[in-house]
Protein chains: 2
Amino acid sequence: MTRGRPPAHTREQVVDTAIRLADAEGLAAVTFRRVATEIGAGAMSLYTYVPDKDRLLDLMVDRVGGETAQIKITGDWRTDLMALAAAQRTLMLAHPWLPGALPNRRLTGRNMLGYLEQGLAALAPTGLDGPTKMELIALITGFVASYVTNELTAATPAAEQVALITDAVASGDFPHLAAALGSGAQGTETSFERIAGWIITGLVEQAIRPRPSDRSSS
Amino acid sequence: MTRGRPPAHTREQVVDTAIRLADAEGLAAVTFRRVATEIGAGAMSLYTYVPDKDRLLDLMVDRVGGETAQIKITGDWRTDLMALAAAQRTLMLAHPWLPGALPNRRLTGRNMLGYLEQGLAALAPTGLDGPTKMELIALITGFVASYVTNELTAATPAAEQVALITDAVASGDFPHLAAALGSGAQGTETSFERIAGWIITGLVEQAIRPRPSDRSSS
DNA sequence: ACTATTTTCAGTACAGCGTACGAGAAAGGG
DNA sequence: CCCTTTCTCGTACGCTGTACTGAAAATAGT
């Protein structure tokens, strides 16, 4: 039954417009009025397609989640997880607002579930139990998000913080910090692959290891 | 020189009030008007003590950062990093808004630098270079933040997502997800210490390992 | 064909936000 | 005593999300 006035737009159109806006001008540019004028509608008309702003963000996240390249599962969890992490990073670099929009967001759609599914498939050979796999996936996703955030932010050193840090170093209260800043300027050697390799290999190997009692002092 | 009308309040008072508000009612309750009435001042008076809202958040973060328990450096990096992570988690559980306020925030004060300094001190025995140490600290902090966020959110399963997930599982398109959900309900076994142990041990051991060429297929 | 029903459209309006501006109040220095 | 300096804070502007409301546009039933 299709009674009533037919919709002039679609939910996909609204979400796509919001994504395009966020890509071009950042999350802050995504306002109902702005999105509405962009698709040539009244601000309030959007509520026909989207229940509220928070849900719009959910939908945006799920939609771009669908753009993630489908990785092929080789059966080697290290290779597969690296591929998945790399795909995630590519996605976040294409949509810089994504890392910032991810926290506090609920699983809204099948695309996010699809991502979860891929991660679980990659982890299948490890023989870990379900909750542990979930935890590992969340951990890896969180790492990628924070890495990309740093990656996108680090370009702006901000002058003001430089003063704070040099002052702090000069005060002598932070010897290790001074040493760390002086030590290595190895530039782009801190590549994504290097660190992602650490975290993935390290994490999964630790998780697989059958608990060698507990060697901490407690 | 102390000419002019003396301030009726202090920056610390403003920041403390904002923190108290955030602790009690969440970050959203922290508005200039609200903070102002709370300390018995006009909204615009706050601008005497704080340049703008973003800086107020910076100051809040740095202030609670000062509450972090000073860990004692034993010289065993695993023990020390675990203690540091645990201290961070304690802090974030005491101030649930902190994980949400952390991203996109600049290093504002000496307390944050102090935290950095502690992490570097803990990592000193590893002999890693400065940038790598920094990276590891950021990674661990990011992990703690996302873990605590999950910890605070997971209490609310939200009914709506349950429907989405059961539908998805019923559709048969997500076999691994179905299996993972069915597998283990081991409850609180996914403790912070267990996972923090993985990430710290795994990460640092990987970082220390002198690069066994590269065993991926590429 | 006309009416009733249902759905979408979008203008107006409201409370709340951060904050720019500017006039008044309160202090010390000459 | 006045002048300079500093802090105080009411008013106001533009912006936000969105509740409400009535008009518009389609179909379903008679």
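The table for this structure:
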| quantity | calculated |
| --- | --- |
| Accessible area expressed per residue, the protein assembly as shown, with surrounding protein chains retained (probe 1.4 Å, Å²) | 50 Å² |
| Buried accessible area, chains A and B (both chains, 1.4 Å probe, Å² to nearest 100) | 5300 Å² |
| Nearby lysines by direct alpha-carbon distance to B:Lys53 (threshold 24 angstrom, same-chain neighbours under 8 apart not counted) | A:Lys53 |
| On Cα atoms only, tilt of A:11-25 relative to the major axis of chain A in degrees | 50 degrees |
| Teacher prompt: B:Gly109 distances to equivalent labels in other copies, 7 Å Cα→Cβ, nm | 4.2 |
| Copy-to-copy label separations for A:Pro7, where each label sits 7 Å from Cα toward Cβ, in nm and ascending | 5.3 |
| Peptide A:145-151 - average C-beta neighbours from other chains (10 Å radius) | 4 |
| Separation between Cα centres of region A:1-80 and region B:85-103, rounded to whole Å | 31 Å |
| Choice from B:Asp52, B:Asp167, B:Asp76 with maximal GNM fluctuation in chain B (Cα, 10 Å cutoff) | B:Asp167 |
| Average silhouette area of region B:11-65, convex hull of alpha-carbon atoms, in square nanometres | 3.1 nm² |
| Inter-probe distance in nm under a simple model that places probes 7 Å from Cα toward Cβ, at A:Asp76 and B:Asn104 | 3.9 nm |
| Size of electric dipole in region A:1-105: Cβ of Lys, Arg +1 and of Asp, Glu -1, about Cα centre, debye, nearest 20 | 280 debye |
| log₁₀ of I(q)/I(0) at q = 0.20, 0.30, 0.34 Å⁻¹ - region A:36-79, Debye sum with one point per alpha carbon | -0.75, -1.02, -1.09 |
| Cβ-placed point charges (K, R +1; D, E -1), dipole of the protein assembly as shown about Cα centre in debye, nearest 20 | 600 debye |
| Residue mean of other protein chain beta carbons inside 10 Å, B:192-201 | 5 |
| Sum of side-chain charges, A:Phe174 neighbourhood, beta-carbon under 15 Å (Lys, Arg +1; Asp, Glu -1) | -2 |
| For chain A: Kirkwood Rh in Å [reciprocal of mean 1/r, alpha carbons] | 20.6 Å |
| Where rotation carries B onto A, the chain B residue whose Cβ is nearest that axis, in whole Å | B:Gly202, 1 |
| Selected from B:Leu93, B:Ala207, B:Leu113, residue furthest toward positive end of dipole (region B:77-208; charges at beta carbon) | B:Leu113 |
| Charge dipole magnitude, Cβ of K and R +1, D and E -1 - chain A, Cα centre, debye nearest 20 | 800 debye |
| Label 7 Å beyond Cα on the Cβ vector: A:Arg55 copy-to-copy distances, nm | 4.1 |
| Nearest 10 degrees, 0 to 90: helix A:160-171 Cα axis against chain A principal axis | 20 degrees |
| Under the Karplus curve 6.51 cos²θ - 1.76 cosθ + 1.60, θ = phi - 60°, whole-Hz ³J(HN,Hα) for region B:172-177, x wherever Gly or Pro sits | x, 7, 10, x, 5, 4 |
| Crossing angle, helix A:192-208 versus chain A [Cα axis fit, 0-90 degrees, rounded to tens] | 80 degrees |
| GNM flexibility winner over chain A from A:Val50, A:Val169, A:Val35 (Cα, springs under 10 Å) | A:Val169 |
| Top of B:Ile39, B:Ile137, B:Ile199 by mean-square fluctuation, Gaussian network on chain B, Cα under 10 Å | B:Ile39 |
| Hits among lysines - C-alpha to C-alpha of A:Lys133 under 24 Å, sequence gap 8 or more where chains match | A:Lys72 |
| Cα-derived Rg to Rh of the protein assembly as shown, Kirkwood definition | 0.98 |
| Share of carbon and sulfur in the accessible heavy-atom surface of the protein assembly as shown [1.4 Å probe, %] | 55 percent |
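The values are calculated or read from the model by the stated rules, or taken from the named source; none is laboratory data. Here the structure is a predicted model, which means the values were calculated and not measured. We place every Cβ from the backbone using ideal geometry, glycine too, and count neighbours over all the protein chains shown. Note: areas computed on protein heavy atoms with side chains; ligands, DNA, RNA excluded. Shrake-Rupley method; radii C 1.70, N 1.55, O 1.52, S 1.80 Å.
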